Amino acid sequence: MSQTLDSLHAPRVRARITAILIVVVALSVFLFSFVTLVSFDRSVAPELQNRTRLIATVVRDNIQQTLSTGLPLNAVGGFETYIAATMDAFSELENITIVSRKGEVIASVGREEEARLLDRLQIGTRLGTSGAEISMPILVGNDLAGHIKVKSSGRFVEARLRSVLLDATALAIAVILIGVELTILIATHSIWGPLRAVVRLARDQGEGRFDQVIPTAGLPTLRLLARRLNDHCIALAGRAGRGDGGATPRRLVLPDLVDMRIALFSFAAATEVTASFLPVYAKGASRPDWLDPAIAAALPSALYLLVLALLSPLAARVVARYGPRRVFALSAIPAALALLGMTWSDDLAGVVLSRGIIAVCYAFATVACQDYALALRSKDGARVSSVIMAMVFGGTFCGSTIGGVFADRYGYEAAMVLGAILVLMAGLFGYRFLVAATERPAARSKSTGMAPRTSSFYMFLFGIVAPLNLVTAISIWYLAPLHLSAFGASPAQVARVVMLFYLAQLILGPVSARIASHPLGLFASIIVGGTLAGLSLALLGGESFWQMTGTVIGVGAGFGLVRGPALELAARLSGGTARGLSAYRVTERGVALVGLLVTAFAMKDTGVDQVLGTLSAIIFAGLAVFCISIWRDPILRRGGTNEDPAIR
């Protein structure tokens, strides 16, 4: 029976849920977008035809005025220049042609355009969504001199809707992630969790232990079973305790990783709604004249990293003392106020201060969830680490995507207000679903059974963890939004590119967990991922919009293979001690802070490609240090455990 219950939590169940949601959401978005496109085409078709007719009338009148001087049509020069200027003024025009009375082409100017989506599907004409075509006679007095033909592009409609449909696609991916988390949460608290509790209590009572009761939750059948078993326990415990005044059974608590998934996911999403536009927003805020714009753009992220580095050790002690539930729930209130304060601030100081307050709340909230999850580490510690990374980056993905779309459509302030609402919801989730952590000893780091490896641990920190977070802070948080905006990208476009970084990590996170479960798999995943990220930075660069997009995807894919195994390896090398995990957190944020500030000061005299090339060199140097640590440490060569692979 226990094996059956474990299979309910297997990754393949979540994979099936994800696949079903992908199909449902993808079909819904496709059908909705298709209907919208066709309806919009049809609704603007009469207006587009009238506009085309008006343009043709104006051009014809100007030509007739010229011909009224007595010049023949084929003797007038400058037609092509005039037509080209007209087409530049009206983007919906596809072609303008002037022909003589005998059918000779006097002038013709057109745009080379790819076939429309509906035309490629061969249904555009059938649905009546093609462009308008107008032909008018050119008259000199009562004599026909020729014709003018003006054709408007049916692709004009698609161009107007393309951005909207891309935003809908990005939001659909976010909806899928949110739907997966909500489905897992509902299934856990209505089926999996109550069923585990019933089976556990029945097994205890079968062994003669009647000192525990379970909550009556879940489906009606499970609630009935829980009440029946609880009644047995209370009745037998009361009989056994009559001689000493009675006995009260204690409540059985079965903590699960799912308890923290939705809380961490929603908190990360809420606090990262500004991820896709924060450098641009800070750069545009009012500031002292002596402060360079590049430095101003980096200051909110710099303070954010500084606060995280300083507060991580303190946050771990606070969580150990007061419990994850209380710490997490209380962190949501100031975070919401800080997001609202950022909307009211029109100067850089207010933006930086608000971001710093958000960092304080984020440090306490994430450490609460992280310590809660690490306390549940089992033999499959890599999977637990991957779940933590998936929630952080899944939430960041959704937050940056939703925030970018809202900022583009309704303004930066609307995105921040939305973030404030979401962070309050996250606090409620934490207060509701982290209850189990208050009914057992506070979540502490669980020993890995391995003695701390001090030298190997610090070589790993500065060889893998430091470059990992350095590249993320500089290339993704700082350079990508600024550089893409310089190419003319809107906040929604920037959000769509930045989301690819997190999407790649979400897709490859489970892959890295599976690789890391094999002997030496941790090292293989880290080395391959680091190499992929370094090559992307070195070969793609950021000279154009698409090169920068490719760099973001490559770095995200590489780090997707690194992050989960890196957290698990840090726990192994540190022996699972609180001091080791605190050193891990401080190092990853402190190095990113220093690198971000150095980059901001150096941007005056350094190009983006030079910065990305330097980051690539740092990654490969770190990989060399990491490989040396593996070579010199016999335990690491056996996969990071004291266990001999031959025994496995």
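The values are calculated or read from the model by the stated rules, or taken from the named source; none is laboratory data. Computed from a predicted model, the values in this text were never measured in an experiment. No Cβ is skipped: glycine too gets one built from the backbone with ideal geometry, and neighbour counts run over all protein chains shown. The area values use the complete protein model at the heavy-atom level, side chains included, leaving out ligands, DNA and RNA. Shrake-Rupley method; radii C 1.70, N 1.55, O 1.52, S 1.80 Å.
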For region 141-153, take each phi angle, set θ = phi - 60°, evaluate the Karplus expression 6.51 cos²θ - 1.76 cosθ + 1.60, and give the result in whole Hz per residue in order, putting x for glycine and proline. x, 9, 9, 7, 9, x, 9, 10, 10, 10, 10, 9, 8
Quick query: amide H of Val273 versus all other amide H atoms, modeled in the peptide plane; which residues come in under 5 Å with a sequence gap of 5 or more or a different chain? none
Where a ≥ b ≥ c are the square roots of the eigenvalues of the C-alpha gyration tensor, would you call region 278-380 rounded, which needs a/c under 1.5, or, failing that, prolate if a/b is larger than b/c, or oblate? prolate
Sparse-neighbourhood loop hits (chymotrypsin sites (Phe, Trp or Tyr not before Pro), region 285-336; DSSP loop; Cβ within 10 Å at most 15 others) -> Trp290
Using a Förster distance of 51 angstrom, determine the FRET efficiency expected from the C-beta separation of Asp211 and Val164, and round it to 0.05. 0.25
1/(1 + (r/R0)^6) with r = Cβ-Cβ of Arg321 and Val105, R0 = 51 Å, i.e. FRET efficiency to nearest 0.05, evaluates to 0.05
Qualifying GluC sites (Glu not before Pro) for region 524-624 [loop in DSSP, other Cβ within 10 Å: at most 16]: Glu543
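Would you mind calculating the gained length between Ile20 and Ala617 on full extension (0.36 nm times residue separation, minus the Cα-Cα distance), in nm to one decimal?
On the way: separation 597, 0.36 × 597 = 214.92 nm, distance 4.21 nm.
That pair, Ile20 and Ala617, stretches by 210.7 nm at full extension.
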Residue by residue through region 315-329, the couplings from Karplus 6.51 cos²θ - 1.76 cosθ + 1.60 with θ = phi - 60°, in Hz, x for Gly and Pro, are 4, 4, 5, 5, 5, 5, 7, 9, x, x, 4, 5, 5, 5, 4
How much net charge surrounds Tyr502 when only other residues with a Cβ under 12 Å from its Cβ are counted (Lys, Arg +1; Asp, Glu -1)? +1
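For region 519-565, how big is Rg over Rh, using alpha carbon atoms and the Kirkwood form of Rh?
1.09
Protein chains only, probe 1.4 Å: how do Ser28, Ser190 rank by accessible area, largest first?
Sorted by accessible area, descending: Ser28, Ser190.
Provide the net charge surrounding Met136, with neighbours chosen by a C-beta distance below 12 Å and charges set as Lys +1, Arg +1, Asp -1, Glu -1.
Numbers: positive: Arg53, Arg60, Lys149; negative: Asp61, Glu133.
Overall, the nearby charge balance is +1.
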Please sort 205-216, 460-471 by packing, taking for each peptide the average over its residues of neighbouring beta carbons within 10 angstrom, highest first. 460-471, 205-216
Work out, step by step, the length gained on full extension between Phe462 and Leu219: first 0.36 nm times the residue separation, then minus their alpha carbon distance; give nm to one decimal. 82.5 nm
Extended-chain gain in nm, criterion 0.36 nm per residue less alpha-carbon gap, Ala84 and Thr66: 4.7 nm
